[in-house]
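To start, the structure under review is shown below, and the notes come after it.
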Protein chains: 2
Amino acid sequence: MTMVTEIESKVMAAKKASIILSSIRTGEKDKALEAIARALDNNRSSILQANEKDLENAEQLKREGKLSQALVDRLKVNDKKIDSMISGIRDVMTLDDPSGKTISSIELSEGLNLCKVTCPIGLIGVVFESRPDVVPQIMSLCLKSGNAVIFKGGSEALYSNKALFDVMIEALRNTGTIPYDAFHLMETREEVMDILRMDQYIDLLIPRGSNDFVRFIQDNTRIPVLGHADGICHVYVDEAADLDKAYNVCFDSKVQYPAVCNAMETMLVDHTVASRFLPEMAQRYMEAGVELRCDDESFSILENIKGLKLKRASEDDWKSEYNDLILSVKLTNSMAEAIDHINSYGSHHTDAIVTEDEQKKAEFISLVDSSSTIINASTRFADGYRYGKGAEVGISTNKIHARGPVGMEGLVIYKYVLIGNGDTVADFENTGKKKYTHRKLDISLENMLNLKTDKKVM
Amino acid sequence: MTMVTEIESKVMAAKKASIILSSIRTGEKDKALEAIARALDNNRSSILQANEKDLENAEQLKREGKLSQALVDRLKVNDKKIDSMISGIRDVMTLDDPSGKTISSIELSEGLNLCKVTCPIGLIGVVFESRPDVVPQIMSLCLKSGNAVIFKGGSEALYSNKALFDVMIEALRNTGTIPYDAFHLMETREEVMDILRMDQYIDLLIPRGSNDFVRFIQDNTRIPVLGHADGICHVYVDEAADLDKAYNVCFDSKVQYPAVCNAMETMLVDHTVASRFLPEMAQRYMEAGVELRCDDESFSILENIKGLKLKRASEDDWKSEYNDLILSVKLTNSMAEAIDHINSYGSHHTDAIVTEDEQKKAEFISLVDSSSTIINASTRFADGYRYGKGAEVGISTNKIHARGPVGMEGLVIYKYVLIGNGDTVADFENTGKKKYTHRKLDISLENMLNLKTDKKVM
């Protein structure tokens, strides 16, 4: 038996509390969310003061060249950001509780009934860089869905994270109903690796940060990771494209906000429309300051346009997420070639086609192996809020559990509940006294249990 | 760039073929299943001959003490086993195709519609010991759901696996519609570790074999593993139990088939009913040859019964999966103590309560963190066939994706399909020209695409 570390004891406490938390009723959870929102509103000055401390340290580190301006920006908390934390929490209050829902029910045999019911996953590990607003956002999503959380933020946001967390925990403590031991904030630097090793207790990891950060997490843990490292998204302009739609979709996918995972990084253009489409498109990109990295064929179409930021693409460009006003461009001989390029070089995140051909729409959707496939619209739409989820846990490129923009539905799993009357398998399979009916029911677990109390079941 | 090995090239070929396979229509897949079933029927002698070779080698290894009789038994293929392979495949034909189903659809804005549609996971790795019947079973489930498969069996079943696989592949080849490159059987011994390393291509692993075998797989791969290692299941006999039900449930859970994961390993008994319940229960177990390993309290109740196989339990017994006619027994002071024991020592597989108390039923269901929680019925019911799934991929104790007995629904994920008309995010979020409506639709992807052709969409 090894010694239990302080971290481990916190994680074990959270795991234990997660069981209680999973049985708290929706109404109590919503009251707790309102209490958290109010507490943030009432404690603005202490939060801003703590953030001031982090910002001073960050400025110092920036002067020493150890921190980028972008990271300092993401660290900053002001009244407007607190407003949006608060409204984010109140948004979560309005969303459906995803746990405790009967997915299906079936009669196995007379008086022997099976229910499949959603329940929280259990204990979520949240590992994040910089942005302190991750704390209230994930806290509210996990609380509403009934999951416990271990937070581990970066040292650069030490004071801000602690101030936010302490205010929220104090509010939970005052509710008297929420097992606040379900939520812990880890503080020292060494604990990231410790958390990644706790696959015995932590059921799911949500990393928030740069691509390299997420990849580091994915590469160093056996805990399932919900998220994505790369976002190498494509738009394919088909020979049957409406070129006006293509200009708009390609422009928006690259320019509307280039620093994010769902921005386009490579534009694929069918060779039959390239000479009509590319010059005008390049003109629009030029006005927005976009640099183009072209394969030989597209380069030769564009090389005489004055003022273009034009380079030749190398093999590396097809694998690059620029997150910037840079776009690689490649001509293809067919949709099949474009799809093959997308499946080979892409990150299975979000890929779009511009075409008017109904058959090609269906084929593209079917054959592109990405979490979002898009017809005649910008890749930038692939996002939890735009997809109508109300709140986003993250975007996943996983092939199991949850894929694409993930809302609270990604924070629940299900369990089977079987209710009998002393039934034995021997009666069915040894003596043959009973027979399986496997009759579909349309009845919730509550009704099946015939509960007269108002106690929450799941 | 490292050299591509032969194994890697097979895996890459399967991954590529998985894309084509994902778009094959249900009717074609069912035809292929029928072709496979017939081919097995028509090639019985070559399969039995190959199995004979494996059995000869196995008998030799058994004589050298390198293989157990149980393993030799599991290796054996006869006409009856081929019959059940064939009927298993025909059962899968009758099941719903789980892929290509529209889960939900929503209008983001006028003319901009989003569909969430199920699709195959992609490439499944199946790593198994002994039982050659795994090959047709998993092959049929994966083919029906549209997934490619890499099989890796043990060397003891080399000839049997190859004979079964070759017969099925030849049948697929003759269909002319199924991309048979989606299915590969690995042959040499070294390849297990190679497969476990291929997380870039393989989306999900299904291990079939002993607990140690499954644990080895889980501990040596970054690929998600669908399955479970331990099956430490409990029955808790509550103070409000109907004892007649308790006798039946506890007897069946242990005795009906003790060698499997959903058999009970520990019986927890409330101290208030112990002296009434245990002597009669022990008598029944004695007649079935069950050895009891008791904590001090239950030991003192039973020690004077003549002929009982009775031992004192140690801490290790609470963590043991006997898979045999052995049962550990523990008294508890409350249901809370029983639940705590189950959540701490159990494997989160299947746990049951015997009680007539409605409130306790609800609490047990809510607080026991297991894939199946059972009220007044045997733990042995936790199984894909008994749960009405028609066919079982495996039983999962994972907390994400699929939990409990898993049917073909565990072999699909979903993708989002967004269909627009040249829509840009800038129109919503920069110029404010458009507004999100987020109106729920009740329309399938096929209808949304307005497809006039009979081509399968997903």
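The values are calculated or read from the model by the stated rules, or taken from the named source; none is laboratory data. All of these numbers come straight from a predicted model, not from anything done at the bench. Every residue, glycine as well, gets a Cβ built from its backbone with ideal geometry; the counts of neighbours run over all protein chains shown. The protein model used for the area step is the full one, side chains on, heavy atoms only, and it has no ligands, DNA or RNA in it. Shrake-Rupley method; radii C 1.70, N 1.55, O 1.52, S 1.80 Å.
Worth pointing out:
- Two-decimal Rg/Rh across chain B, once Rg and the Kirkwood Rh are taken from alpha-carbon atoms: 1.04
- 13 Å Cα-Cα reach of A:LYS15 towards aspartates and glutamates, excluding residues that sit fewer than 8 places from it in its own chain: A:ASP181, A:ASP199, A:ASP203, B:ASP340, B:ASP369
- The Stokes-Einstein estimate for region B:178-259, based on a Kirkwood radius over Cα pairs and taken at 10 °C with 1.306 mPa s viscosity, is a diffusion coefficient of 97 µm²/s.
- Peptide-level mean, for B:379-390, of C-beta atoms on other protein chains within 10 Å: 5
- Across region A:13-219, Cα-Cα pairs farther apart than 25 Å form 41% of the total.
- With a 1.4 Å probe rolled over the protein heavy atoms of all chains, the accessible area of A:GLU191, B:GLU239, B:GLU265, A:GLU337 falls in the order B:GLU239, A:GLU337, A:GLU191, B:GLU265, largest first.
- Positive dipole terminus of chain A, leading residue within A:ILE82, A:SER68, A:GLY100 (C-beta point charges): A:GLY100
- With a threshold of 20 Å on the Cα-Cα distance, the over-threshold entries among A:LYS440/B:LYS389; B:LYS415/B:LYS435; A:LYS29/A:LYS152 are B:LYS415/B:LYS435; A:LYS29/A:LYS152.
- Straight Cα distances below 18 angstrom link A:LYS66 to the aspartates and glutamates A:ASP54, A:GLU56, A:GLU129, A:GLU156, A:ASP212, with same-chain residues fewer than 8 positions distant left out.
- Dipole magnitude of region A:13-219 about its Cα centre (Cβ charges: Lys, Arg +1; Asp, Glu -1), debye to nearest 20: 140 debye
- Secondary-structure-derived ellipticity at 222 nm for chain B, considering helices only, amounts to -13000 deg cm²/dmol, per-run term -39500 (n - 2.57) for DSSP H runs with n ≥ 4.
- Candidates per trypsin sites (Lys or Arg not before Pro) in region A:248-323, loop by DSSP, up to 14 other Cβ within 10 Å: A:LYS306
- The mean count of C-beta atoms from other chains within 10 Å of the C-beta of residues in B:150-160, rounded to a whole number, is 0.
- Using a cutoff of 8 angstrom between alpha carbon atoms and counting only pairs six or more residues apart, the relative contact order for region A:13-219 works out to 31 percent.
- Rolling a 1.4 Å probe over the heavy atoms of the protein chains gives region B:49-122 an accessible area of 49 Å² per residue.
- Among the protein heavy atoms, those of A:TRP318 account for about 20 Å² of accessible surface (1.4 Å probe, every chain in place).
- At 7 Å out from Cα toward Cβ: A:ARG222 inter-copy label distances (nm, ascending): 1.5
- For A:ILE443, the residues whose modelled amide H falls within less than 5 Å of its own, excluding neighbours fewer than 5 places apart on the same chain, are A:SER105.
- For chain A, a crude dipole built from +1 on the beta carbon of Lys and Arg and -1 on the beta carbon of Asp and Glu, taken about the Cα centre, is about 1560 debye to the nearest 20.
- Note on region B:61-139: Cα-Cα pairs beyond 22 Å make up 55% of the total pair count.
- Residue of chain A with the Cβ closest to the rotation axis carrying A onto B, and that distance rounded to whole Å: A:HIS401, 2.
- Here the convex hull built on the C-alpha positions of region B:233-387 has a volume of 95 cubic angstrom per residue.
- Rounded to the nearest 20 debye, the dipole magnitude of region A:200-258 is 360 debye, with +1 charges on Lys and Arg beta carbons, -1 on Asp and Glu beta carbons, and the Cα centre as origin.
- Take the accessible area of chain B alone and of chain A alone, subtract that of the pair, and you get about 7000 Å² summed over both chains, using a 1.4 Å probe.
- Carbon/sulfur fraction of accessible area - region A:365-458, other protein chains in place, 1.4 Å, %: 46 percent
- For A:GLY390, residues with placed amide H under 5 Å, excluding near neighbours: none
- Prolate/oblate/rounded call for region A:234-309, Cα gyration tensor, a/c under 1.5 rounded: oblate
- In the assembly of identical copies, B:LEU243 has its label point, taken 7 Å from Cα in the direction of the beta carbon, separated from the corresponding points by 8.9 nm (ascending, one decimal).
- Per residue, in Å², the accessible surface of region B:233-387 once ligands and nucleic acids are set aside, probe 1.4 Å: 34 Å²
- Between copies, B:ASN333 shows label-point distances of 7.9 nm, shortest first, with the point placed 7 angstrom from Cα along Cα to C-beta.
- Two-decimal Rg/Rh across the protein assembly as shown, once Rg and the Kirkwood Rh are taken from alpha-carbon atoms: 0.98
- Options A:HIS228, A:GLY176, A:GLN218, ranked by Cα towards positive dipole end of region A:175-237, top entry (Cβ charges): A:HIS228
- Kyte-Doolittle mean at least 0.0, axial Cα span of 20 Å or more - DSSP H helices of chain B: B:6-21, B:158-175
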